[in-house]
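> I am attaching a structure below and will ask some questions about it afterwards.
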Protein chains: 2
Amino acid sequence: MANSPSGDSMTDRIVRVLETFSADRSMQTASEIGRHAGLPSSTAHRIVDELVAAGLLERDEDRRVHLGMRLWELALRGSTALRLRQAALPFMAQVQARVREHTQLAVLEQNEALFLERLSHPEAGANITRIAGRLPLHASSSGLVLLAFAPASLRERVLAGPLRAVSPETITDPARLSRILTDIRRAGVVVAPGSVETVSTGVAVPIRDAGEVVAALSVVLPREASPHPATAELREAAAAIEAALRASR
Amino acid sequence: MANSPSGDSMTDRIVRVLETFSADRSMQTASEIGRHAGLPSSTAHRIVDELVAAGLLERDEDRRVHLGMRLWELALRGSTALRLRQAALPFMAQVQARVREHTQLAVLEQNEALFLERLSHPEAGANITRIAGRLPLHASSSGLVLLAFAPASLRERVLAGPLRAVSPETITDPARLSRILTDIRRAGVVVAPGSVETVSTGVAVPIRDAGEVVAALSVVLPREASPHPATAELREAAAAIEAALRASR
């Protein structure tokens, strides 16, 4: 139905249009969208017009478009992510208030750590993660936790490489990564100094729902900080979030 | 392009499929989706298959589908709502910690108040609003603030009615509503007892960006609570959010 000569569906083309938007590129003309999406300009203009008519994109006075509130609403209203986020947020706020550093919630999505939420203290240190941003599983502390508890097939695929270095200290040796994942499954926590940025240490713990790890809760500390108080706060918060998830079933 | 005999575009049909999902209906079969979207079953099945292939929907083992993390990611990654929410969240958390009641952020969207964020204290009272939920402009305190500063044409349309009662105390008299809106523009705050639920009072203030009111910040208090401490907290938070928005431009 509605397939182009190249065989991609109309849905694919709509997704390609939406994919051109990012935090750094939140306002675009239809022509720019066509260029970034690899679509003919006439196709891009038609899809943009349809998306504007449906409210998924909004057009400004200067003809540039941005993602519409309607898209945000449709994506969140019936979202399973919302249940997890709502269960986690009060306890993330508690961790953030006590540890006074960045506090984050991530899930496994298409072989990466996708960050659902981030609370940041105004005076907290460096942190490259963004809400709705992603990091490789082997690099971030959240990713390491998600990978440690992921299906064996995914672990094997990641360990088979390539293991891209995000920072000079990212774990890129498969044997070392495998040992770390075993340690995480045993200890229920990871402390990952410098693996995303040299100046910071990620600490992450798993969150379980119905017996399965569904998310990782993490803080990003300055490199010199002791990870122990944050670990205790994260464990306490994870237990509270798991109880909230049980209560919301 | 790809229009059905009834003239709706493929984009419209995709939106109709996504619209069938809600907090109360987050998991559905393709047949259920077709029924709720008013689409022929074969059409619904094809669109659902395409949306699953694109990751916007995810299919469970029992063949039911739910909204995918990919949709959430696409909707948020380049979203202007995210900028507002990120600027507001630390100060909403501060209001919530001090007032210890529900704290909410809403924007004007398609003639209703759309709630972008809600922080709830575990012991806080009744509150029917939901994230990505909506309330009529004339009923909620957030809606009243958004309406007070909305374009005159929208105010006139709302005042022309009908003004549906959400609770027995919702303002449904146009002359009284008009006076309240004038008061809000002068005072920069509204205290709305019982207009959504008899047991609670909404208090809301405007948030401005580049000179225009872009959101309302509100708390929901128990009916018997004094609104004054919450009003002071809201005003302080709104000023801080406005400063954060200026800094993020």
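The values are calculated or read from the model by the stated rules, or taken from the named source; none is laboratory data. Note that the structure is a prediction, hence the values are computed from the model and not measured. FYI the Cβ positions are ideal-geometry reconstructions off the backbone, even for glycines, and counts take in every protein chain you see. Side chains are part of the model used for accessible areas, which takes the heavy atoms of the whole protein and leaves out ligands, DNA and RNA. Shrake-Rupley method; radii C 1.70, N 1.55, O 1.52, S 1.80 Å.
> Taking chain B as a Gaussian network, where each spring joins two C-alpha atoms under 10 Å apart, which residue of B:P206, B:P193, B:P151 fluctuates the most?
In the Gaussian network model the winner is B:P151.
> So, one more: I'd like the FRET efficiency for B:D183 and A:A53, computed as 1/(1 + (r/R0)^6) with the beta carbon distance as r and R0 of 22 Å, rounded to 0.05.
Here the calculated transfer efficiency is 0.05.
> Calculate the length of the line joining the C-alpha centroid of the stretch B:181-238 to that of the stretch B:31-102, in whole Å.
The two parts, judged by their Cα centres, are 29 Å apart.
> Which value, in nm² and rounded to one decimal, describes the direction-averaged projected area of the C-alpha convex hull of the stretch A:151-214?
The orientation-averaged projected area of the Cα hull of the stretch A:151-214 comes to 4.7 nm².
> Suppose a student asked you for the relative contact order of chain B, using Cα pairs under 8 Å spaced at least 6 residues apart; what percent would you report?
Here the relative contact order equals 14 percent.
> Between copies, how far does the label point of A:A97 sit from its twins, in nm, shortest first, when each point is 7 Å from Cα along Cα→Cβ?
Computed spacing set for this position: 0.6 nm.
> Report the relative contact order of the stretch B:173-249, percent, no decimals, based on alpha-carbon pairs under 8 angstrom and at least 6 residues apart.
23 percent
> From the C-alpha coordinates alone, can you work out the Kirkwood hydrodynamic radius of the protein assembly as shown, in Å?
24.0 Å
> While we're here: Hey, can you list the residues from the stretch A:47-82 whose accessible area shrinks by 50 Å² or more with all protein chains present, relative to the chain by itself (probe 1.4 Å, no ligands or nucleic acids)?
Output list: A:E50, A:L67, A:M69, A:R70, A:W72, A:E73, A:L74, A:A75, A:R77, A:G78, A:T80.
> Separate question: Pull out a ≥ b ≥ c, the square roots of the eigenvalues of the alpha-carbon gyration tensor of the stretch A:124-249, then state rounded if a/c is under 1.5, prolate if not and a/b is larger than b/c, and oblate in the remaining case.
oblate
> I've got another one for you. Would you list the P(r) distribution for the stretch B:1-98, with all Cα-Cα distances sorted into 5 Å bins from 0 and each bin expressed as a whole %?
P(r) over the stretch B:1-98, rounded to whole percents: 3, 12, 19, 19, 14, 11, 8, 7, 5, 2, 1, 0.
> Shifting gears a bit: What does the accessible area per residue of the stretch B:33-161 come to in Å², with a 1.4 Å probe and no ligands, DNA or RNA counted?
I get 38 Å² per residue for the stretch B:33-161.
> Which value, in square angstrom to the nearest 100, describes the accessible area buried between chains A and B on both sides, using a 1.4 angstrom probe?
That pair of chains buries around 5000 Å² in total.
> Once the Cα atoms of chain B are picked out, what are the Rg and Dmax in Å?
Answer for chain B, Rg first and Dmax second: 20.3, 59 Å.
> Considering only protein heavy atoms and a probe of 1.4 Å, how much of the accessible area of the protein assembly as shown is carbon and sulfur, as a whole percent?
Whole-percent figure for carbon plus sulfur exposure: 51.
> Add -39500 (n - 2.57) for each DSSP H run of 4 or more in chain A, then divide by its residues: what number comes out at 222 nm, to the nearest 500 deg cm²/dmol?
That calculation yields -14000 deg cm²/dmol at 222 nm.
> Pick from A:A37, A:A139, A:A150 the residue whose mean-square fluctuation is largest in a GNM of chain A, springs joining Cα atoms under 10 Å.
Comparing A:A37, A:A139, A:A150 in the GNM, the peak value goes to A:A37.
> Okay, next question. Loop only per DSSP, at most 15 neighbouring Cβ atoms within 10 Å: give me the trypsin sites (Lys or Arg not before Pro) in the stretch B:162-221, ordered by residue number.
The qualifying sites are B:R164.
> Say a label goes 7 Å from Cα toward Cβ at B:A232 in every copy; what distances in nm does this one have to the rest, shortest first?
3.5
> Can I ask one more? Under 8 Å for C-alpha pairs, at least 6 residues apart: give me the relative contact order for the stretch A:127-191, rounded to a whole percent.
Relative contact order of the stretch A:127-191: 33 percent.
> Which residues make up the longest stretch of chain B clear of GluC sites (Glu not before Pro) that lie in a DSSP loop with no more than 10 other Cβ atoms within 10 Å, not counting the sites?
B:124-223
> Right, here's the next one. So which residue, out of B:S140, B:S31, B:S195, gets the largest mean-square fluctuation from a GNM of chain B using Cα contacts under 10 Å as springs?
Between B:S140, B:S31, B:S195, it is B:S31 that shows the largest mean-square fluctuation.
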